[in-house]
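Chemist: Input: one structure, supplied below.
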Amino acid sequence: METDQQPMRITIVTDAWHPQTNGVVRTLEMLVAHLAARGHAVDMVTPADFPTFPCPTYPEIRLALCTARTFGRRIARFSPDSLHIATEGPLGFAARRLCLRNDYRFTTAFHTKFPDYLYARARVPLNWSYAALRRFHAPSAGIMVAAASIRSELAERGFGNLKPWSRGVDASLFRPYDKDGLPYPRPIFVALGRLAVEKNVDAFLSLDLPGTKLVIGDGPAAAGLRAHYSDAVFVGRQTGEQLARMLGAADVLVFPSLTDTFGLVLLEALACGVPVAAYPVPGPLDIVVDAPIGCLDWDLGRAARGALGLPPEACRAHALEFTWEKTCALFLSHLVPMRGVKRFGHTTVRPLTLP
């Protein structure tokens, strides 16, 4: 789709938004900022606009109560040129229902391996969950996926119309910082992210490593982890420059997740000149590749020790190849025009049908 010749009106639907702090929210924040900088108008449809209820087993996440009719009124008011569904939650389903009912074209994204999360929490068979997601995304004009290895996995599971996307890093915020910023014994190994069972933080905290194990983040597993691993330092959720300074003062970022679809924190650490250690799984495999910026090993302790001393200049240079400008351009290239919606002052093709 030709996207930069004139400003567009874009609706983005997401069930992940503030006050959540995660890679999906950060990606959408940066995407919206860069779309606006290019002159595009964006309507973010988020749980903040609707009544919500706590997500079962994860009350920190609020799920929106929204019908296709309510969503239809929102679409009619904004009259977007393109519509993108970022998540497979209640808002995503409401948007999808409306689009199918009105023969609107839309794009989607695959940000999160929910089937793996459901299996980790409730042992829901992976085939069941992936079948449900496959049905959700099947009508999409394009499923945007950041990591090539995840696209391969989805293709093997029968997903079609997969589109390469990417991620970026705010290199002005995440930059090399003074290593004296943390008052803990070195080397300092840091884990950053949501503290939940699917993030596999236990794998990091159970390692026998010299120096200090530092944990930045919060979540439903925080209390249990604090109680069980008294030798680690937990600093809770951090944001902005305080987060960047803590991350930049560490010696190695250890990324224990087996289920992330990219791992934005890997780029943030690398931009700070901090090498990374992780399992050889999708996300880390796509970012590290064979650059001298980290170690990937099924023995996570060996990976963490092996990453010590890798050149910070190489880490930052590699991270700078990932920009939000490229991410935004790819996003725009995959959008498709909606049918039946007012476009650039022209009349509608067909009226909106509400249930």
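The values are calculated or read from the model by the stated rules, or taken from the named source; none is laboratory data. Note that the structure is a prediction, hence the values are computed from the model and not measured. Quick reminder, even Gly has a Cβ in these numbers, built from the backbone with ideal geometry, and neighbours come from all protein chains shown. With ligands, DNA and RNA removed, areas are computed over all heavy atoms of the protein, side chains included. Shrake-Rupley method; radii C 1.70, N 1.55, O 1.52, S 1.80 Å.
Chemist: Being in a helix (DSSP H, G or I) and under 25 Å from the mean Cα position of the chain (by Cα) is the filter; apply it to the stretch 99-114 and report the residue that is nearest to ARG167 (Cα to Cα). Walk me through how you get there before you give the answer.
Modeler: From the stretch 99-114, those in a helix (DSSP H, G or I) are 99-102, 114; that's our starting set.
Applying the additional criterion that residues be under 25 Å from the mean Cα position of the chain (by Cα) yields 99, 114.
Working: CYS99: 27, PHE114: 20 Å.
The selected residue is PHE114.
Chemist: So, of the residues in the stretch 173-188 that are aliphatic (A, V, I, L, M) and in contact with a strand residue (DSSP E or B) (Cβ under 9 Å, 6 or more places away or on another chain), which turns out to be most open to solvent (accessible area, probe 1.4 Å)? Spell out how you get there, then give the answer.
Modeler: Kept after step one, since they are aliphatic (A, V, I, L, M), are these residues of the stretch 173-188: 173, 182, 188.
Going one step further and asking which of them are in contact with a strand residue (DSSP E or B) (Cβ under 9 Å, 6 or more places away or on another chain), we end up with 182, 188.
Values: LEU182: 18, ILE188: 0 Å².
Only one residue fits best here, namely LEU182.
Chemist: Name every residue in the stretch 30-50 that is β-branched (Val, Ile, Thr) and within 18 Å of the chain's Cα centre (by Cα), in order of residue number.
Modeler: Hits for the stretch 30-50 are VAL32, VAL45, THR46.
Chemist: For the stretch 66-79, enumerate the residues that are among the hydrophobic types (A, V, I, L, M, F, W, C), at pLDDT 90 or above and in contact with a helix residue (DSSP H, G or I) (Cβ under 9 Å, 6 or more places away or on another chain). Reasoning before the result, please.
Modeler: Kept after step one, since they are among the hydrophobic types (A, V, I, L, M, F, W, C), are these residues of the stretch 66-79: 66, 68, 71, 75-76, 78.
With the extra rule that they be at pLDDT 90 or above, the set shrinks to 75-76, 78.
Listed by number, the list holds a single entry, ILE75.
Chemist: Cβ contacts < 9 Å: first residue part of a helix (DSSP H, G or I), restricted to the stretch 201-216; second residue exposed (fewer than 15 other Cβ atoms within 10 Å of the Cβ), any location; separation 6+ or different chain. Result?
Modeler: Note: pairs meeting the criteria are ASP202/HIS228; LEU205/HIS228; LEU205/ASP231.
Chemist: For the stretch 209-250, name all the residues that are out of contact with any helix residue (DSSP H, G or I) (no Cβ under 7 Å at 6 or more places or on another chain), open to solvent by 40 Å² or more (accessible area, probe 1.4 Å) and either within 25 Å of PRO280 (Cβ to Cβ) or of a type in the set (D, E, K, R) (or both).
Modeler: PRO210, GLY211, ASP218, ARG226, ASP231, ARG237, GLU241
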